[in-house]
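Asker: Quick one: the structure is below, and I'll ask about it shortly.
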């Protein structure tokens, strides 16, 4: 609200314009003396009093409390909805142009909830474009504006921050943010089902990457239990997509595929092409794990095309790593290498885990061509990327590949060192936030912002 003196002058002006006495304006809930005190600026009116007076004066609570015409705020909210649709169905850079304009408008009008919504949209645009530092800053700004409530927008901000750190290879810190948000919701007596589904589905992927399959399964079960209480079809679809990863990790490929089919149908209903592309991506992953490589290639190429059309550079590159793996297994290493070499030029911009995946695949291709020195170089670079990410399962597998290569080259001691490193990561407990909370990682110099 404005200062009491500003509100008082506004009430007096509107009352005079409408030809009302203080007594007629006040009745039946208040007294003429109260209206006189209010108009003189000697009392700050309650929200209840202002809503009563706004109705009597034929205006809105917002206009009486702030002096802003109600239609401006309404128009801004409609424009924000249009920007959300653009982000869901178009390119992130186009949506970002609208969100930036709306953020300026919301700042000019002093509308903090709308400012927060614009920051959330800009954060999502930055995530899709691969600008992780910029995404994190927007999500942090939204979280600061929102405070602890309402829970769903604040959860979107926390989840966005976590995804930015996850894509930068900071798996443990991403899990810490998501787990802490779940605990805060429970402790605050705000177990909003949509917020919890967002958090549980977001944490499944990093849990699996870290080898914490029990925790991933628990998160999937919790999300499934909450699904009937969630009305947003896009949110339920996201849950099905993430749950499929857990089912696949447990060897339940048919159930995983069925869950992804449900997600795909829901995304068709909502028209969210980015999420639908993610669904094709996940189906391709499931099919590849089942050995159905031709079908997997088709799904991954569909996902890649949809994401590239939206200019979602980060996600496009991640799909290309998995597509390259399928092409290598189909006996087309030259095509796979063509995809991967482009990714190496961008390196960390696409997250440590996926950059490491590109090096790992190039190492395997080099081994197939009997080029052990080149293979070792790629494996070592992949290890350097993974060591800071917390992806224990990937690290252990890579150590095994490097150890096998070194052993075949007759370098037994070096091979033993690689195996020992891998065993250390494989035997680490599948947990994330046991012990002291991880420090917030800083993005490296030169990171896209």
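Asker: Using a 7 Å offset from the Cα along the Cα-to-Cβ direction at both residue 47 and residue 308, what is the distance between the two label points in nm, to one decimal?
Answerer: So the label points at residue 47 and residue 308 sit 5.1 nm apart.
Asker: On to the next question. Kindly state, to the nearest 0.05, the FRET efficiency for residue 265 paired with residue 6, given R0 = 35 Å and r defined as their beta-carbon distance.
Answerer: Between residue 265 and residue 6 the formula returns 0.10.
Asker: Right, next: Provide the gained length on full extension for the span residue 33 to residue 93, in nm with one decimal, where the gain is 0.36 nm per separating residue minus the Cα-Cα distance.
Answerer: 16.0 nm is the gain from fully extending residue 33 to residue 93.
Asker: Can you give me the convex hull volume of the Cα atoms of the range 1-138, divided per residue and expressed in Å³?
Answerer: With only Cα atoms used, the range 1-138 gives 108 Å³ per residue.
Asker: Place the peptides 133-140, 373-380 in order of packing, highest mean first, counting for every residue the other Cβ atoms within 10 Å and averaging per peptide.
Answerer: Order by mean packing, descending: 133-140, 373-380.
Asker: Mind checking the full-extension length gain between residue 420 and residue 108? Use 0.36 nm per residue of separation minus the Cα-Cα distance, one decimal, nm.
Answerer: Between residue 420 and residue 108, full extension yields an extra 106.4 nm.
Asker: Using the basic label-point model (7 angstrom from Cα toward the beta carbon), what is the residue 289 to residue 330 distance in nanometres?
Answerer: About 2.1 nm separates the two model spin labels.
Asker: Using Cα-only point scatterers and the Debye equation, what is log10 of I(q)/I(0) for the range 4-67 at each q in 0.22 Å⁻¹, rounded to two decimals?
Answerer: Debye output, listed in q order: -0.81.
Asker: Ok, one more. For the range 181-220, what log10 I(q)/I(0) values come out of the Debye formula at q = 0.24 1/Å, with one point per alpha carbon and no solvent?
Answerer: For the range 181-220, the Cα-only Debye profile gives -0.75.
Asker: Normalised by the residues of the range 4-67, what does the relative contact order come to in percent, with Cα pairs under 8 Å and at least six apart?
Answerer: Across the range 4-67, relative contact order equals 40 percent.
Asker: Still on this structure, please answer the following. For a protection proxy built on the mean count of beta-carbon atoms within 10 angstrom, sort 363-372, 236-245 highest first, please.
Answerer: So the order, starting with the most tightly packed, is 236-245, 363-372.
Asker: Follow-up. If the chain between residue 250 and residue 183 were fully stretched, how many nm would it gain, using 0.36 nm times the residue separation less the Cα-Cα distance?
Answerer: That works out to 21.5 nm of additional length.
Asker: Sort 157-170, 284-297, 100-113 for me by packing, meaning the mean count of neighbouring Cβ atoms within 10 Å per residue, highest on top.
Answerer: Ranked by mean Cβ neighbours within 10 Å, highest first: 157-170, 284-297, 100-113.
Just so you know, all these numbers are worked out from the coordinates, no wet-lab data involved. Just so it is clear, the model here is predicted, and its values are computed rather than measured. Heads up, the Cβs are rebuilt from the backbone with ideal geometry, glycines too, and the neighbour counts pull from every protein chain shown.
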